[in-house]
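Asks: Got a structure for you, questions after.
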Amino acid sequence: MNPSLSLRDRLDAVRGRVAAAVARSGRAPDAVTLIGVVKTLPATVVAEVVGLGLTDLGENRVQEAEAHQLGVARQAVRWHMIGHLQRNKAGKALALFDLVHGVDDAEVAGALQRRAESVGRVLPVLIEVNTSAEASKFGVAPEGLVPLAERVAALPHLALRGLMTVGAPVTHAGDARPGFVRLRELRDALSRRLGTALPELSMGMSGDYEVAIEEGATLVRVGSAIFGERPAPAR
Ligand SMILES: *Cc1c(COP(=O)(O)O)cnc(C)c1O
């Protein structure tokens, strides 16, 4: 990535590549939502990218999301929780996010259900599936998906909208394809089994979002390709 490019240039480039991947897969122009992953960024950059018209932002920490949201009109952005959610953060997550991507066990789902019920809201959620057993410690194993999904689907204050996966980091974008195909097939089978549409597939990051779009992603989570490399996390 060329560091002399402005945020606007990089965002435009990613939008162009998203649009091209959508077109070559024969999908509708609005079939894919670009989520800008703003974790670890200064609040000024978050405000700047919202000013450039990006409507969907992703966070992986509740506390940082709180800080980022201070500088941005609540109605201007759909906020996505893409990280691992701890049970004791369910109440805050409910207040901060429009879609929670990373539900991967019944306890977190139950905590979200109780909080959502107490404020009379229905929270849209995705179940995170671990499609690369060796690479990720989060996400339900494919074998555990059906029982978890049946439990989530039975919770009246959660709306199960689809599946999410992170996938192993790959050197060649094409290497990510089997994991994306797997997620789509799991979604299709689950949808038949539950008898409900599960329209959302959250998959694809900076290195492989175009492949994810070709395989049916509806939500791509892109950080460094838009914002530049993040500094290594402290700790
Ligand atoms: C950080 C992160 C991303 C974005 O990663 P990039 O490679 O910077 O695009 C996407 N999804 C999740 C869950 C993340 O934690």
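Asks: Name every residue in segment 211-235 that is within 13 Å of the ligand (Cβ to nearest atom), open to solvent by 50 Å² or more (accessible area, probe 1.4 Å) and either within 16 Å of residue 22 (Cα to Cα) or in contact with a helix residue (DSSP H, G or I) (Cβ under 9 Å, 6 or more places away or on another chain) (or both), in order of residue number.
Replies: Within segment 211-235, just 230 meets the criteria.
Asks: Another question, then. Could you list, ordered by first residue, the pairs with Cβ atoms under 7 Å in which the first is in segment 203-231 and over 18 Å from residue 41 (Cβ atoms) and the second is assigned to a helix (DSSP H, G or I) and of a type in the set (D, E, K, R), at least 6 apart or interchain?
Replies: What qualifies is 210/17; 211/177; 215/177; 215/184; 216/184.
Asks: Condition first: open to solvent by 30 Å² or more (accessible area, probe 1.4 Å) and within 15 Å of the ligand (Cβ to nearest atom). Now tell me which residues in segment 93-135 satisfy that.
Replies: Across segment 93-135, the qualifying residues are 131, 135.
Asks: Just to check your reading of the model, which residue among 30, 56, 9 is closer than 26 Å to residue 126 by Cα and open to solvent by 50 Å² or more (accessible area, probe 1.4 Å)?
Replies: 30
Asks: A further question follows. Restricting to segment 169-210, name every residue that is of a type in the set (S, T, N, Q) and either at pLDDT below 95 or within 16 Å of the ligand (Cβ to nearest atom) (or both).
Replies: 171, 202, 206
Asks: Can you tell me which of (1) open to solvent by 70 Å² or more (accessible area, probe 1.4 Å); (2) modelled with pLDDT under 95 is the one residue 71 doesn't meet?
Replies: Exception for residue 71: condition (1).
Asks: Restricting to segment 38-62, what's the tally of residues that are within 16 Å of the ligand (Cβ to nearest atom), touching a helix residue (DSSP H, G or I) at 6+ places or on another chain (Cβ under 8 Å) and not charged (D, E, K, R)?
Replies: Total meeting the criteria: 9.
Asks: Restricting to segment 151-167, what's the tally of residues that are of a type in the set (D, E, K, R) and either open to solvent by less than 50 Å² (accessible area, probe 1.4 Å) or in contact with a Leu (Cβ under 7 Å, 6 or more places away or on another chain) (or both)?
Replies: 1
Asks: Do any residues in segment 76-97 that are touching a residue at least 40 places away in the same chain (Cβ under 8 Å) and closer than 18 Å to residue 49 by Cβ have Cβ atoms under 8 Å from those of residues that are basic (Lys, Arg) and buried (at least 19 other Cβ atoms within 10 Å of the Cβ), where the two are at least six apart or on different chains, and which pairs are they?
Replies: Correct list of pairs: 80/221; 82/221.
Asks: Those residues that are within 16 Å of the ligand (Cβ to nearest atom) and within 16 Å of the chain's Cα centre (by Cα), I need them from segment 71-92; list them, please.
Replies: 78, 79, 80, 81, 82, 83, 84, 85
Asks: When segment 23-37 is examined, which residues are found to be under 18 Å from the mean Cα position of the chain (by Cα) and more than 16 Å from the ligand (Cβ to nearest atom)?
Replies: 30, 31
The values are calculated or read from the model by the stated rules, or taken from the named source; none is laboratory data. All of these numbers come straight from a predicted model, not from anything done at the bench. Note that we place each Cβ from the backbone using ideal geometry, even for glycine, and neighbour counts take in every protein chain shown. These accessible areas exclude ligands, DNA and RNA; they are computed on the full protein's heavy atoms, side chains included. Shrake-Rupley method; radii C 1.70, N 1.55, O 1.52, S 1.80 Å.
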